[in-house]
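For reference, the structure is listed below as structure tokens.
The values are calculated or read from the model by the stated rules, or taken from the named source; none is laboratory data. Values in this document were obtained by computation on a predicted structure and should not be read as measured data. Every residue, glycine as well, gets a Cβ built from its backbone with ideal geometry; the counts of neighbours run over all protein chains shown.
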Amino acid sequence: MQTLTILGATGSIGRSTLDVVARHPERFRVFALSGGAQFELLAQQCAVFVPEYAVVLDESVAVQLRALLTSIHCATQVLVGVQALCDVASDSSVTTVMSAIVGAAGLLPTMAAAKAGKRVLLANKESLVMAGALMTAAVREGGATLLPIDSEHNALFQCMPEPHDSKSIASLTLTASGGPFLHTPVAELKNITPDEACAHPRWSMGRKISVDSATMMNKGLEVIEAFWLFGISAAQINVVIHPQSIIHSLVNYVDGSSLAQLGHADMRVPIAHALAYPERIHSGVGLLDLATQGKLEFFAPDLEKFVCLRLAFDALNAGGAAPIVLNAANECSVAAFLDGCIGFLDIDRINELALNTVHPAIPVNLDDVLAVDAQTRRWASQIIMDMA
Ligand code: NAD
Ligand code: MG
């Protein structure tokens, strides 16, 4: 029996996780759920899974959630704030933490889980992008197990037998759908609306990652994520566009073998894999029928058009604080785009300007990482105000 804390339970990954968990009550018990502002959904989840704790971000939301829980006679206790997220991620009764908060906000609770030696199911790629060295060290020192949830990295993990000799791997190929604007001319991207950017052709996801998919920043963040997860050089990571999203990535071995993982584009597949690893459980997703899939296409990404993908390689090669700067600038520019303050192509502009302008000292600890993040956000808010 695994005891779970699900950080970001009300989000897309959080809901998919609970969908899989509900299919296997004999395997999983929920200790804590967290959510941002969606307290009504969180209350419904508490009614079904009866966790010890529900964690929200601020006291006003907590008051409303407590009232709802009382009205449905649910005994779940409501906690508030970042320290509470860290506490439920590291509590001694917890075996497994699903890290599915979006953005830099996931960093501290994920680190807390890693330090406490948990089985960490990592959807929050931003925390590895920001603090890959510190996170992998915390996993090692804390005796934690890091299992990737991102479908591409989960695919790569599944295609690497354990133990394997890292010298046997020539390269990793991350597949990318190319997002909703794969074939849209750059001239037409200027007037894209947030809803158009969030209408992903293959995956149903939260709004931030949906915009990241449209700019291909998501693939860029995933390149950096792969660098830290698999200890491979940037030069050995490549990206191929595969619009059908059936092949979720490939490991290319030195002998000419490439191993790929296939499946429907449904996050319950990697979630079920990581929840049950090394066993296999039903995820609620059906089997592939290749004969009905039709054509599978593959081609190289256009790095002139998808600026953010190029920037991610630049940031990874630059090292130091660059990935933190890029991630923070991107979170700000995407939020400003979703709020209607800037245009779609301004995301590229702000992210590129940030990488070229913000040059903090190389961070050595978590406080430094948070300081670079905050410094970049202050810089980005100013630029966004000037633009808007
Ligand atoms: P989402 O927006 O649907 O959900 C985000 C969750 O985090 C919600 O529960 C929200 O309440 C919570 N949250 C938001 N801001 C918070 C804050 N400041 N503090 C605490 N909690 C906060 O996002 P999602 O699509 O589920 O993505 C979650 C993470 O998983 C992201 O890092 C994303 O890159 C990654 N991921 C998602 C998918 C997918 O298919 N959705 C696939 C791969 C990776
Ligand atoms: Mg992915």
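Taking segment 31-55 as the search range and keeping residues that are in a strand (DSSP E or B) and surrounded by 24 or more Cβ atoms within 10 Å (Cβ to Cβ), which one is farthest from the chain's Cα centre (by Cα)?
This residue is ALA54.
Among the helices (runs of 4 or more DSSP H) lying completely within segment 84-170, list those that include at least 1 residues that are touching a Pro at 6+ places or on another chain (Cβ under 8 Å).
Where helices (runs of 4 or more DSSP H) fall fully within segment 84-170 and carry at least 1 residues being touching a Pro at 6+ places or on another chain (Cβ under 8 Å), they are 125-142, 151-158.
Within segment 1-23, count every residue that is more than 16 Å from ligand 2 (Cβ to nearest atom), part of a loop (DSSP other than H, G, I, E, B) and under 17 Å from the mean Cα position of the chain (by Cα).
2
Answer with yes or no whether THR193 is out of contact with any Cys (no Cβ under 6 Å at 6 or more places or on another chain) and more than 15 Å from ligand 2 (Cβ to nearest atom).
yes
Quick check on segment 117-127. Is at least one of its residues surrounded by fewer than 21 Cβ atoms within 10 Å (Cβ to Cβ) and farther than 18 Å from GLU222 by Cβ?
Checked segment 117-127: at least one residue is surrounded by fewer than 21 Cβ atoms within 10 Å (Cβ to Cβ) and farther than 18 Å from GLU222 by Cβ.
How many of the residues making up segment 347-376 are surrounded by 19 or more Cβ atoms within 10 Å (Cβ to Cβ) and either of a type in the set (Lys, Arg) or assigned to a helix (DSSP H, G or I) (or both)?
Qualifying residue count for the region: 10.
Can you confirm whether VAL269 is touching a Leu at 6+ places or on another chain (Cβ under 9 Å) and closer than 30 Å to ALA22 by Cβ?
no
Regarding SER171, is this residue at pLDDT below 95, out of contact with any Lys or Arg (no Cβ under 7 Å at 6 or more places or on another chain), surrounded by fewer than 17 Cβ atoms within 10 Å (Cβ to Cβ) and hydroxyl-bearing (Ser, Thr, Tyr)?
Considered against the rule, which asks whether it is at pLDDT below 95, out of contact with any Lys or Arg (no Cβ under 7 Å at 6 or more places or on another chain), surrounded by fewer than 17 Cβ atoms within 10 Å (Cβ to Cβ) and hydroxyl-bearing (Ser, Thr, Tyr), SER171 comes out as no.
Give the residue that is farthest from ALA328 (Cα to Cα), with candidates limited to residues of segment 169-220 that are more than 13 Å from ligand 1 (Cβ to nearest atom) and among the charged types (D, E, K, R).
Across segment 169-220, the extreme among qualifying residues is GLU188.
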